[in-house]
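Please read the structure below before turning to the comments.
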């Protein structure tokens, strides 16, 4: 066994500091609050700095080990290589399980420190104190996993002189997006720990009013925004790297990120009902618990290898820990909700289903059913195996078939909900407010039919998309007319931009799912082949070789205007070939070229077989994602200079009646 | 919107909506029923191969996979499509007979597998019924509270005045 390196020693020390600080912090803060030791309560944030410090040291040491190719460490033996370019060497940290957990650890430590800093003036407050306790418990769990079963610093087996590792999985070292997709996704995943911690603190302290919601509104919003962007970047990576021209395969790992997104989306909507009307307290708490626990369950499902996944880059032995923690989270959270049941009873009533709050409720039911379907489809093969002892798969067509009607209903709700007033809407009001949005829908339908779209489902989607876009546009126009630039910010107005982004994404999905065409073309050198309104001419095969990869690129002249180069890259260390597509991107459609089969074309070959896809409107997925990100930021900007007393946080109905 | 002309206002009443329904239904009918010609054989092969799992790789469809086993299935599908005698479901059933039911990406609606279809529908129904009960309960509760009275309006008006003076 090689001698323990400085990197491993300091890295382990960092994790140990984090583990001890989190454990001691959780226990001492909890005891101090219970015992009324105010001085000790005020010390609580100090532990956050130790936690963050420990995590940062561990990550710095891991990066240093990867850069120094410190092969005394097992993890570096698995994912390190002297030939990996430095950018991908940074990303090598999250290319396998242990490093992924380390990334989780450092993001979690960062959030914990951010909470401690944000609430540093209120560390005396029991709500903040308990929230920190919950954060520390979660930190302690992940530090324990990272220090124990998923240790990235575990010493590796003896290695021969001159050993060089294989580097990360080839799929994780051929596109720049691997540098951004996992960290951004984790910012979303882990960020939901903050609202969850405050929700638990609210239950423990019994202050289950709207205070904790207001404190964590932006935390939830930003986590949701990062989760959204992280998921979309994953889709983009899939499109640019995997070569089957798809962005979403309903793979278990993708579903694991989508599940908390669904419950998180339900939460950021229904929380508005609680802020405005003081209702749905139990429901909102349950959604937060679901969101947080689904991040843990999702990690368990995908990392334990119990469900097969094409993304299973990382499998390990942390499943028992994750499953145990998931069970603890669910039991404790539900126990607390049950314990505080009497205080959670909402004081108000909803007057009519045709109202803003009614629409939010309908939205919540649909998102919850959607989450249930995704979870069921993901774990169903496991259930079949347990009960019937046979193998089965639940694939993309199942999810596509069930998500289509859900998507249409959500588009309809997005069209109607923004114009609905709180409490109750009259027919006349709806007729007035929905008139022009509905005509936008009819216009969108007409335009798509004129341009040749067919099939009832995509046409209904385009029509409803136009309707929803009209409704969002109407809100933005009215708000800016009334408030000037302030009409662009705030949760309602920013939310409308998010809706516009979602609508663009829905349209892009409807179009690309319904109207993608593909063909396998055999091209002889110098010969031009016409297909789907485009011409393709095989120019030559170019071979580029270095000590890491051998790239065989087929240069194809598309539409006699520009040469595109789909390639097959052979990763010499791993002996693995990865086809890399080449895409002509456009606002109306993409032309996606990839070399058919897995083997690289021979240099000097006079024919090449291509898979060609023509995919409409794909670019609008990414544009929609950018608009969603901008909308999320706009939602977080306060829309008013100060809160008005009429923005009731709880319905004061009973008090008013009592006084009356 | 409040400054809309009477003409604008009239338009938004039923005539405008009826016109809208005619336009929308008309375009939808034209778009969804028109004959766009026979489906390209390549597109049909794609549609079928999306519904079949690669028998040797984890979780990928034959459409996505570049594995030789998937390539073999793809060419079997291509031949079946070219023969033109069997419909999509028939081709998939033949492949499932040859490779086993675990290559079906869309679970069957029979036996235990039917649960994967029935449970989502049940969840949806439960959601709708729960909403219906919730609104019924709220309606009953608000009936107990009774309509707002003179005093309630006075309290609200006083609060608004207070607020307006605070703002000034």
Taking every pair of Cα atoms in region B:83-168, average 1/r, invert it to obtain the Kirkwood radius, and report Rg/Rh to two decimals. 1.53
Taking the beta-carbon count within 10 Å as an exposure proxy, list A:180, A:292, A:226 from fewest neighbours to most. A:180, A:226, A:292
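Can you pull the semi-axes for region A:517-616, root of five times each eigenvalue of the Cα gyration tensor, sorted largest first, whole Å?
Numbers: eigenvalues 110, 43, 25 Å².
Equivalent ellipsoid semi-axes, largest first: 23, 15, 11 Å.
What FRET efficiency would be calculated for the residue pair residue A:576, residue A:430, taking the C-beta separation as r and a Förster radius of 60 Å, to the nearest 0.05?
Working: r = 58 Å, r/R0 = 0.97.
It comes to 0.55.
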Computed D for region A:79-184, Stokes-Einstein, Kirkwood radius over alpha-carbon pairs, 25 °C, 0.890 mPa s, to the nearest µm² per second, is 153 µm²/s
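In percent, what relative contact order does region A:348-475 have, based on Cα pairs under 8 Å that are 6 or more apart in sequence?
30 percent
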Stretch residue A:42-residue A:485 to full length: gain in nm at 0.36 nm per residue minus the Cα-Cα span? 155.4 nm
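Would you mind estimating how fast region A:399-515 diffuses translationally, via Stokes-Einstein at 37 °C and 0.692 mPa s with the Kirkwood radius over Cα pairs, in µm²/s? Please list the in-between numbers first.
Numbers: Rh = 14.7 Å.
The Stokes-Einstein estimate is 223 µm²/s.
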In percent, how large is the relative contact order of chain A, given Cα pairs closer than 8 Å and 6 or more residues apart? 11 percent
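Tell me the mean residue ellipticity at 222 nm calculated for chain A from its helices only (DSSP H runs of n ≥ 4, each -39500 (n - 2.57), averaged over every residue, nearest 500). Walk me through the numbers before you get to the answer.
Working: 22 runs with 400 residues, N = 660.
It lands at -20500 deg cm²/dmol.
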Within 10 Å of the Cβ of an average residue in B:120-132, the count of other chain Cβ atoms is 5
Apply 1/(1 + (r/R0)^6) to the Cβ-Cβ distance of residue A:24 and residue A:90, taking R0 = 25 Å, and write down the FRET efficiency to the nearest 0.05. 0.20
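Return the equivalent ellipsoid semi-axes of region A:556-603 as a descending list in whole Å, where each equals the square root of 5 times an eigenvalue of the C-alpha gyration tensor. Before the final figure, lay out the partial values.
Values: eigenvalues 125, 27, 12 Å².
Gyration-tensor ellipsoid for region A:556-603: 25, 12, 8 Å.
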Once each part is reduced to its C-alpha centroid, what is the distance from region A:56-108 to region A:193-215 in angstrom? 36 Å
Distance from region A:240-262 to region A:33-52 (C-alpha centre basis), Å: 41 Å
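Under the definition of Cα pairs under 8 Å and six or more residues apart, what whole-number percent is the relative contact order of region A:214-368? Don't jump to the answer; show the numbers that get you there.
On the way: 152 pairs, mean separation 39.1, N = 155.
It comes to 25 percent, rounded to a whole number.
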Rg/Rh (Cα only; Kirkwood hydrodynamic radius) as it applies to region A:195-394: 1.00
Averaged over A:368-378, how many beta carbons belonging to a partner chain fall within 10 Å of each residue's beta carbon? 4
Percent breakdown of C-alpha pair distances by 10 Å bin, ordered from the shortest bin, for chain A: 3, 14, 23, 24, 20, 11, 4, 1, 0, 0
Rg and Dmax in Å for chain B, alpha carbons only: what are they? 29.9, 83
I'd like the FRET efficiency for residue B:94 and residue B:161, computed as 1/(1 + (r/R0)^6) with the beta carbon distance as r and R0 of 60 Å, rounded to 0.05. 0.15
Hydrodynamic radius by Kirkwood for region A:125-242, inverse mean 1/r across distinct Cα pairs, in Å, is 17.3 Å
Calculate the tail of P(r) for region B:61-123: the fraction of all Cα-Cα distances greater than 20 Å, expressed in %. 37 percent
For region A:195-281, inverting the pair-averaged 1/r of distinct alpha-carbon atoms gives a Kirkwood value in Å of 14.7 Å
What is the extension gain from residue A:522 to residue A:544, computed as 0.36 nm multiplied by their sequence separation minus the C-alpha to C-alpha distance, in nm to one decimal? 5.6 nm
Could you quote the convex hull projected area for region A:109-152, Cα atoms only and averaged over all directions, in nm²? 3.1 nm²
How large are Rg and Dmax for region A:1-90 when calculated on the C-alpha trace, in angstrom? 17.8, 58
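Give the value in nm², to one decimal: projected area of the alpha carbon convex hull of region A:1-174, averaged over all directions. Before the final figure, lay out each step's value.
On the way: hull surface 41.3 nm².
One quarter of the hull surface, i.e. the mean projection, equals 10.3 nm².
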What's the average, rounded to a whole number, of partner chain beta-carbon atoms within 10 Å of each residue's beta-carbon in A:509-522? 2
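Taken together, the values in this text are just the output of simple stated rules run on the coordinates, not laboratory data. Only a predicted model underlies this, so the values are computations on that prediction, with no experimental measurement involved. Counting neighbours? That spans all protein chains shown, and the Cβs are built from the backbone with ideal geometry, glycine included.
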